Amino acid sequence: MNADAAKIVVDSFVQNGFDALEVLLGLSFSHDVQDPAGISAEEIGNIAEEHGVWMRAKIIGGGSVALVFQLPDAAKLVGLLDSVEDKSELEEADATMLQGIAEAVLGAGIASISALFDDQDVELEGVEAVWGRGPAGLAEFIGEPATGARLSFSAEPHFDGTAALVYTQAFEARMPVAGGEGAAEEPLVSDAEMKDILEGFTPDDEPDRAVGPLGPTGPLPDNLSMIMDIELTAVARLGKVEIPLSEILNFGPGSIIEVGHMIGEPVELLVNDKLIARGDVVVVDEKFGLRITEIISPQERIESLR
């Protein structure tokens, strides 16, 4: 196992996973990773006894990764999304929301790994969130053999807890600098670049970020800059209607279509077909524009990710 590569994988995954939580909950999280170079199977067993909520993602091409939380902390995550104060237990009705949290957090973590190592095959194959299983079930849930790292996190005044990132050695072996069977003959990251990356993840260097309606604002962590130039398609949707094919074939100049949108109702803003905000139509330099008046709620954000 390459300790430097393992540290980069853990730090990048955890940082971006908690960034996703910040956006979903509108909170500012801080975290600290212990033993990022890997832990033993015995330690994973101890973690399973302490942390009963498991969020796992299978990876296309082999391997899997999981974030595990203590039940009260996972219940708080669901409660904050559902605007329920002091939620401390999970119920069967919470499964869908917990699944949405897992998809958002694990998806952000995997995206960071894919961008970091320029490996387009590092993608999610499936996400599952469970709780209430015995500690012995974690090994089967994540797949053996596995390693990982403990971490602590906080977000005042709601969280001051612990969690863990657990991942299969098969997943680590796919990393180009990890020295596994699928590794490139020469690392994609030089020793000097590795040092720069590791230094970039030190908590003391993180900029202060204010909290806005969508979560933290201001300067983003340096490791997110890798994806900030990705172009997304934004669409302002006036309305939506289903029309039989027979009517569509009869369309001609002058045809009028009712799109089901009432006068005065806000227009929806979709980014890559996901609802993000609503607003009013305005005119800017003789062109139509959209003035955002509402950011969708955390619950709607979770639903739009599915």
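So, LYS76, is that one touching a His at 6+ places or on another chain (Cβ under 7 Å) and of a type in the set (D, E, K, R) or not?
yes
Among the candidates SER64, SER83, single out the residue that is surrounded by 19 or more Cβ atoms within 10 Å (Cβ to Cβ), of a type in the set (S, T, N, Q) and not assigned by TED's automatic domain parsing to the domain that holds SER297.
The match here is SER64.
Tell me whether segment 241-262 contains one or more residues that are surrounded by 10 or more Cβ atoms within 10 Å (Cβ to Cβ) and touching a residue at least 24 places away in the same chain (Cβ under 8 Å).
No, because not a single residue in segment 241-262 is surrounded by 10 or more Cβ atoms within 10 Å (Cβ to Cβ) and touching a residue at least 24 places away in the same chain (Cβ under 8 Å).
Do any helices (runs of 4 or more DSSP H) lying entirely in segment 47-156 carry at least 3 residues that are closer than 29 Å to ALA173 by Cα, and which ones are they?
Once the helices (runs of 4 or more DSSP H) in segment 47-156 are filtered for at least 3 residues that are closer than 29 Å to ALA173 by Cα, what remains is 95-117, 137-142.
Got a number for residues in segment 9-26 being in contact with a Phe, Trp or Tyr (Cβ under 8 Å, 6 or more places away or on another chain) and aliphatic (A, V, I, L, M)?
Of the residues in that region, 2 qualify.
Taking the residues in segment 11-34 that are over 13 Å from ILE110 (Cα atoms) and assigned to a helix (DSSP H, G or I) as candidates, determine which candidate is farthest from the chain's Cα centre (by Cα).
LEU25
Which members of segment 59-93 meet the condition of being of a type in the set (Asp, Glu) and in contact with a strand residue (DSSP E or B) (Cβ under 9 Å, 6 or more places away or on another chain)?
ASP73 - this is the single residue of segment 59-93 that is of a type in the set (Asp, Glu) and in contact with a strand residue (DSSP E or B) (Cβ under 9 Å, 6 or more places away or on another chain).
Hey, any hits in segment 35-42 for a residue that's closer than 17 Å to PHE171 by Cβ, among the small types (Gly, Ala, Ser) and assigned to a strand (DSSP E or B)?
No: zero hits.
What are the residues in segment 40-96 that are at pLDDT below 85 and touching a Phe, Trp or Tyr at 6+ places or on another chain (Cβ under 8 Å), if any?
Listed by number, the residues that qualify are ILE59, GLY62, GLY63.
Please state which of the following conditions GLU22 fails to meet, knowing it meets all the rest: (1) out of contact with any helix residue (DSSP H, G or I) (no Cβ under 9 Å at 6 or more places or on another chain); (2) of a type outside the set (Val, Ile, Thr); (3) over 25 Å from LEU124 (Cα atoms).
Every condition holds for GLU22 apart from (3).
The values are calculated or read from the model by the stated rules, or taken from the named source; none is laboratory data. Everything numeric in this text was worked out from a predicted model, so none of it was measured. In this analysis, Cβ positions are derived from the backbone assuming ideal geometry, glycine residues included, and neighbour counts consider all displayed protein chains.
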